[in-house]
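The values are calculated or read from the model by the stated rules, or taken from the named source; none is laboratory data. Nothing here was measured: the structure is a model prediction, and the numbers come from that model. Heads up, the Cβs are rebuilt from the backbone with ideal geometry, glycines too, and the neighbour counts pull from every protein chain shown. Each accessible area value is taken on the protein alone, full model and side chains, heavy atoms only, with ligands, DNA and RNA left out. Shrake-Rupley method; radii C 1.70, N 1.55, O 1.52, S 1.80 Å.
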Amino acid sequence: MIARALRLLPLLFSVSHAGAGDYNIVNLDNSTINLLVGKDLPAFVRFDRDYSYGDKADAFSALAARCVGSKVLIGNIGISTYGEMRNQDLAEKYGYKTPGKVLEYTDMDNGFPKFRYFPANGGADVDYTGDVTVDAMTLFLKKEAKVYFGLKGTVRDFDKLAADFVKASDKAGVVQRAKAAAEALEGGDKEAAAYYIKAMEKTQEKGNWFQTEFERLKQIISGGKLAPSKKDDMQLKMNRLSSFVAPNDEL
């Protein structure tokens, strides 16, 4: 793995970034994508116009900044609608362009950006269809790529306890450790810890409670008919439950 990474260093340094403010986003094209994507690192790739802008572009840039130091590649495929029509072939390859049809400027306005997740080591790639917000995309990568992020409303020590709980045969022992750790906390962290413990106890009673509750909250949030405060509260709960749904080995 190290030898392969060393061989790719010149390529990584030669690849331009998606824009002056797009730190940690690597531009890809049909000559580089196969060298970097589907290899040792999972990759999350945006397909968009040459120069992305707007709220979704800002969210993707914030995601890339959050991923600095994490074991995931954040990539960009800029699609030209003039001149050499750069990367229109990749748009077609991944199902974002009809064969024989050229993507026009208005197509980019109406149908893009698109996002695609490529697992490490050649797993099946999938289209990302969730919300284009930094929190939603971070949660997706935490779950699918098994990358650890300290999400809003979470407590790192309790993320580790959640992972321990999922893997443990003595789940009651982990609950006792969690309760002891919670006694030393204050304020928001103590409130968060109480929810982790609730998830553990509910799971002891009802099997995979954390998974069904995560999916229930996800469905409610995606429905879009919530007051902002209620949505934020549910998102915090999902962030905490994600440590049960996708326990991380890095902790």
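General remarks:
- Cα-based shape type of the stretch 184-251, given that a ≥ b ≥ c are square roots of the gyration tensor eigenvalues and the cut on a/c is 1.5: oblate
- In this structure the amide hydrogen of N76, modeled in the peptide plane, comes within under 5 Å of the amide hydrogens of V26, N27, L28, R46, none closer than 5 places in sequence on its chain.
- Computed with the Debye formula from one identical point scatterer per Cα of the chain, without solvent, the log10 of I(q)/I(0) at q = 0.11, 0.17 Å⁻¹ comes to -0.68, -1.25.
- Charge dipole of the stretch 77-222 (Cα centre as origin; +1 on each Lys and Arg Cβ, -1 on each Asp and Glu Cβ, all else neutral): 400 debye, rounded to the nearest 20.
- The GNM of the chain, with springs linking C-alpha atoms under 10 angstrom apart, assigns the highest mean-square fluctuation among R240, R86, R46 to R86.
- For the chain, the fraction of 1.4 Å probe accessible surface lying on carbon and sulfur atoms is 52 percent.
- Dipole magnitude of the stretch 45-126 about its Cα centre (Cβ charges: Lys, Arg +1; Asp, Glu -1), debye to nearest 20: 340
- Each of A65, L103, G130 was placed along the dipole of the stretch 50-141 (beta-carbon charges, centred on the mean Cα), and the one lying farthest toward the positive end is A65.
- Once the 1.4 Å probe is applied to the protein heavy atoms, the stretch 114-197 comes out at 49 Å² accessible per residue.
- The helix-only estimate of mean residue ellipticity at 222 nm for the chain, built from DSSP H runs of length n ≥ 4 each weighted as -39500 (n - 2.57), is -16000 deg cm²/dmol after division by the residue total.
- Rg over Rh [alpha-carbon atoms, Kirkwood Rh] for the stretch 104-212: 1.11
- Burial order of peptide ranges 205-215, 156-166 (average beta-carbon count within 10 Å, highest first): 156-166, 205-215
- Three-way shape label, the stretch 67-142, alpha-carbon gyration tensor, a/c 1.5: prolate
- Cross-link table K146/K206; K93/K237; K114/K218; K146/K218, entries beyond 27 Å C-alpha to C-alpha: K93/K237
- With 0.36 nm allotted per residue and the present C-alpha distance subtracted, the S31-A172 stretch has 45.5 nm of extension available.
- Along the stretch 78-84 the Karplus relation, 6.51 cos²θ - 1.76 cosθ + 1.60 evaluated at θ = phi - 60°, assigns HN-Hα couplings of x, 9, 8, 10, 8, x, 7 Hz to successive residues, with x for each Gly and Pro.
- Rounded to the nearest Hz, the phi-derived 3J(HN,Hα) couplings of the stretch 92-101 under the Karplus curve 6.51 cos²θ - 1.76 cosθ + 1.60 (θ = phi - 60°) are 6, 4, 9, x, 9, 8, 6, x, x, 9, where x marks glycine and proline.
- For the chain, modelled as a GNM whose springs connect Cα atoms under 10 angstrom apart, the maximal fluctuation among L103, L28, L241 occurs at L103.
- For the chain, size of Cβ-based charge dipole, Lys and Arg +1, Asp and Glu -1, in debye: 560
- Top of T203, T81, T98 by mean-square fluctuation, Gaussian network on the chain, Cα under 10 Å: T98
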